[in-house]
Structure formats: structure tokens, C-alpha cells
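In what follows, a structure is listed as C-alpha cells, so that the remarks can point back to it.
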Amino acid sequence: MLGTMMHRPLRIADILTFAAECHPDGEIVSVRTEGDVHRTTYRETALRVAQLAHALQGLGVAPGDRVATLAWNGYRHFELYYAISGIGAVCHTINPRLSAEQMTYIVGHAGDTLLFVDTTFVPILEKLRGELPEALRIVVMTDRAHMPGTTLDGALCYEELLEGQDEAFDWPEFDENTAAALCYTSGTTGEPKGALYSHRSMVLHSLIVPISMPTVFVPGRRILPVVPLFHVNAWGLPYTAPLTGASMVFPGAKLDGASVFDLMDREKVYSAWGVPTVWLGLLGEIEKRGRLPEGFGHIVVGGSAAPRPMIEKFEARGVDVCHAWGMTEMSPIGTTGQQSPAMAEWPKDRLIDWKSRQGRRVFSVDFKIVDEDGRPVPHDGKTVGELYVRGNTVIGGYFENASATAAAMDADGWFGTGDVAHITPDGILTITDRAKDLIKSGGEWISSLDLENVVMAHPKVANCAVIAVPHEKWDERPLLVVAPVGEGPTKAEVDELLLKHFARWQLPDDLVLVEELPLTATGKVSKLTLRRQFAQYQLPEQRAAV
Ligand code: AMP
């Protein structure tokens, strides 16, 4: 027997309409690329989003069209999130740290018809223009006075598009499973893969996350998303914050410790969200100045494991550290390690131990750990295996990529995370390793296999492997290990080859020549052995610092 309740489609636009009415004074503070600080409210933003929606329709954007953004965290980027999805189109956020090759690929794969770009990234686009589809139109996210002189033919000006548009918009109703946002993530090999979120999945994610962090999502509380809007929807904050009335402070382009400290101090940010690399910079600044930014009391650390010493240092200064784990494929939040009031009584060591783990699953995401044969293993806090997930906020497959989908999903429809973990009987997740052959540097992926494929083409290379070595600032950096032909290539020779395909920051930090690479029983290079062998390896920059 079915219930007799109404069924109304879950729509992203309703979040902002709700915020404008029920949290009208909730703020969005943005450090702009123009150099100043911009302040607005959810009420005012809803009016501009309506204008932008009219402008998009005026440019011919139709339901299902993909509209790309290449931008920092700021109010205009936020407006695009709502206006694009609100009219039934798809907001495709592009990560500006991708290599030129990857960027060209994803614009083509997504089928973007229009691209919104911050002034900072105009030079990147100018270089790429020849490779991008001719029909792709470009809008620069600024006003007329700040429009850069650009070689981009016919580039439009964001503020001019909004001028004179109606401040009311009748948001269309459509199936809640309609696609709303698209974000690409690196694969272990080959091209990036797209996670295509729906209105339903995003609204559910926005409802699920605040209940696992109730002290953060309070009207007027100020949250700083350092995590980029181009990286999995800034962990959902552009939806969660307005829904709950929390305010947002967008940091723009300057993410060094001193800039983040000053911004947090000035704007009295309570909760700051981002990857460990950013927080190490902030910690350095806190230690230098001998105090916390005013109002700072909470931090969410994710994207990579939160290092224990970092947790200890924040906690020692009274900052509540919440460790979170997730993935692009999970919208992204899968777990949170939010401290409960009772834990305030725990001995310090016990609390830090607890916070060093990845926390508990959020509602509606299920976990299973499987062994090498895909059989579930017990959640006993000891038995380790690959973590599989299932839920309303998890992808059911990649966007138009059947082979990547087939590789990621098991026969029962669970998604394989590529993370190796164990779970306690009371649901605490600990990530112990990574099954996927990828390196995560400062929160961004580098594919070891893609690097290896290019290096293998060098005539002085017999065999090679790229592995992650621990790095204090970046968490991990790539090291290239080569079994040479003859004397082997120099680092400069290899770099020259790699730079044709990769961004400079993705290149290995060092090259080591070895007589032979360790092999597994099946004849593949044993990355496990290599990682152990080079666990203490000092990269040139680290050696210089000693
Ligand atoms: P991304 O899709 O770029 O957000 O990366 C997701 C991956 O980052 C996960 O599958 C993990 O390998 C890693 N990751 C994210 N958060 C954490 C965390 N808190 N601890 C350890 N690894 C993490």
C-alpha cells in the first residue's frame, strides 16, 4: 500500500528561494578577482540569479545544455550554480589545475556550449582557444570596467548580461532526477571521468550533511569554503549553507596562510573547510602570530587524511577538528568525524585518535568492505579491504563512459571507491591505503599510470614506475623510478617529454635510476614494494632543507 502524500520534485532552485525568504540576511562575502571585497545577502542574490537565468535563456541555453565555469570561489560562481541548474541546464565546473590536454578533453566530452571564466583564467583560455570547439561562447565574469583586453573573439561581459533583466523568474518544474551539475575527476589512467549529479542527489546531500554537523549549520554562522567551487561543489556548501541560513565567505584566488588568516580574522569565520595543505599554511601563520583568527572555532579537513600532528595543534588551540572523507563520485561527503558534546570529557589522546580516523558515514550512504574476491568482510575494526559505497548521493555510473562505469560498479550495484579501509562495529571508518594507482598532491590528483605511459616512450627507459612519497606540505608527491637503457635519461629529458601532456605541478619531483624494478608474481611492477622501499625518500627540496 502506498502512502497518500504529495510528491513534489526536489529542485536546487528551491534552496535559494527558501533562503531568500527564510534567511534573507544570510551573507555571501567574496574576495573578488577585481581586488576588493564584495558583500551581498541571500535575498539580493536570489534577484541576481533570476536575472542571470533570463540572460542564460537569452543566450539560447536550453534544458540539458552543459554550461561550463572556470572560476574561483566567489558570488558570481555561486550565482551560476543556481541559475544554470534552475533552468534545467547542467553546471560543469572545470578544475583550472588540469593540464591543457585534460581541459580540452573534458570541454569536448561534456559538450559545453558556453563557458564562464574569471579574469584570472582568461590567459589559460586564450592558449587553449584553438583546441576548443569553435561554437563555444565565452563570458568573462566581471563588469565592463574590468574586462581584460583579450584575444578571445566575441567574449561577453557577465555584468552586462545581467543589466536590465527581470529580477523575478518562474523556475520551471521538471523531474527531480534531471541532471544539475557535472564534475570530472582523474582516473587511474586515461581521461578524466564525469560525475553527473541530479537535483535530487544534490538536495538530499544538502539535507544530509548538516545533520551530521549540527553546530556548524546555524543561521548567521560564517563558513569559509577554501575547498574550491570547481572541486565537487565545494563539498556541497553552496547548497548546505543557504539551506540552513549559515553565511559564506569566499576567499577568491589567494589561499596562502597569511591571506586566509587575514580574511578569517576580518570576517570572523567560525568554520573553515579544505584540504590539509591549506591548513598547514594557516597553522604556520597562527603559530607565527601566536593567536587564532578571531571567531575561529571549527575546521573541516578532507580530501586527504588529516595528519595527526595537525589535528593536535588545532585542538591545542581550542579549534574543533572535524575529519571528513568523501569523493567526487559521492557528491562528495561520505563520512564526518564531528565531535559530540560527551567527547569533550575524553582524555586528549583518545579524542585525537578518534579524530585521526575518517569518522562515521552520513545518513543514506551504506558501506561494505570486501576482500580481493569481492566477498564482504566483517566490520570488526581490524579486517581491511576495499571500501564499496551505495546511496542516493553516490553515482550509479560515470557520464557517458561505459568502460569506467563497468570497472567501478560491482554486480550488486555498489560503487568501488579504490580506498582500502576497515570499519569498527560502531561504524568508524579508517582509511589505511589506496588501491587505485593515483597520487594526491595538495588535494589534486596525478595519475601514476599516465605519467608512466609517457615516460616508457623514452628510448633510454627500459621500465619505470611512478609512486607517491610522503610530503609534509603537499601530502604526497610523485617520484619516478626508472630501470634505464644504458645510462638512462636525465630528469630534464623526461620533463621535456612529460610537459607535452601534463601541467608542470604534475611532474615527478625526482628521478631515481635502479637496476631493476621489483615485480609481483604476475610480472607487474610491485608498487607496494617500491612504496615501502622509498617510504623515507627525501626529495631534492627536502634534502636541501636539512
Ligand atoms: P576526490 O574525488 O578528488 O575528492 O578524491 C577522493 C579521494 O580522496 C578518496 O577516494 C580518498 O582516496 C581521498 N580522500 C578524501 N578524503 C580523505 C580523507 N579524509 N582521508 C583519506 N583520504 C581521503
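The values are calculated or read from the model by the stated rules, or taken from the named source; none is laboratory data. Remember, predicted model here, so these are calculated numbers, not experimental data. A quick note on method: Cβ atoms are made from the backbone with ideal geometry, for glycine too, and the neighbour counts reach across all protein chains shown.
Structure data summary
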{"item": "Residues of region 43-93 that turn out to be assigned to a helix (DSSP H, G or I) and in contact with a helix residue (DSSP H, G or I) (Cβ under 9 Å, 6 or more places away or on another chain), as a count", "result": "27"}
{"item": "Those residues of region 280-301 which are under 20 Å from Q358 (Cα atoms) and at pLDDT 95 or above, in sequence order", "result": "G297, H298, I299, V300, V301"}
{"item": "Within region 303-334, considering residues that are at pLDDT below 95 and either part of a loop (DSSP other than H, G, I, E, B) or near the ligand (Cβ under 10 Å from one of its atoms) (or both), the one farthest from D349 (Cα to Cα)", "result": "G303"}
{"item": "Residue, farthest from the chain's Cα centre (by Cα), within region 216-235, restricted to residues that are of a type outside the set (K, R) and in a strand (DSSP E or B)", "result": "I223"}
{"item": "In region 121-141, the residues that are of a type in the set (D, E, K, R) and more than 16 Å from A100 (Cβ to Cβ)", "result": "E134, R137"}
{"item": "Within region 512-526, considering residues that are surrounded by 10 or more Cβ atoms within 10 Å (Cβ to Cβ) and out of contact with any Pro (no Cβ under 9 Å at 6 or more places or on another chain), the one nearest to V455 (Cα to Cα)", "result": "V512"}
{"item": "Y398 being touching a Ser or Thr at 6+ places or on another chain (Cβ under 8 Å), among the aromatic types (F, W, Y), crowded, with 21+ Cβ neighbours inside 10 Å and not in a strand (DSSP E or B)", "result": "yes"}
{"item": "Enumeration of residues in region 393-407 that are over 19 Å from the mean Cα position of the chain (by Cα) and in contact (Cβ under 8 Å) with a residue 60 or more places away in the chain", "result": "E400, N401, A404"}
{"item": "Hits in region 280-307 (condition: within 22 Å of the chain's Cα centre (by Cα) and under 22 Å from R360 (Cα atoms))", "result": "H298, I299, V300, V301, G302, G303, S304, A305, A306, P307"}
{"item": "Residues of region 369-390 satisfying the condition of being closer than 23 Å to Q338 by Cβ and not in a loop (DSSP other than H, G, I, E, B)", "result": "I369, L387, V389, R390"}
{"item": "Candidate set: region 433-442, residues that are modelled with pLDDT of 90 or more and either under 19 Å from N453 (Cα atoms) or hydroxyl-bearing (S, T, Y) (or both); chosen: the one nearest to the ligand (Cβ to nearest atom)", "result": "K440"}
{"item": "Residue check, S403 farther than 27 Å from L282 by Cβ and within 16 Å of the ligand (Cβ to nearest atom)", "result": "no"}
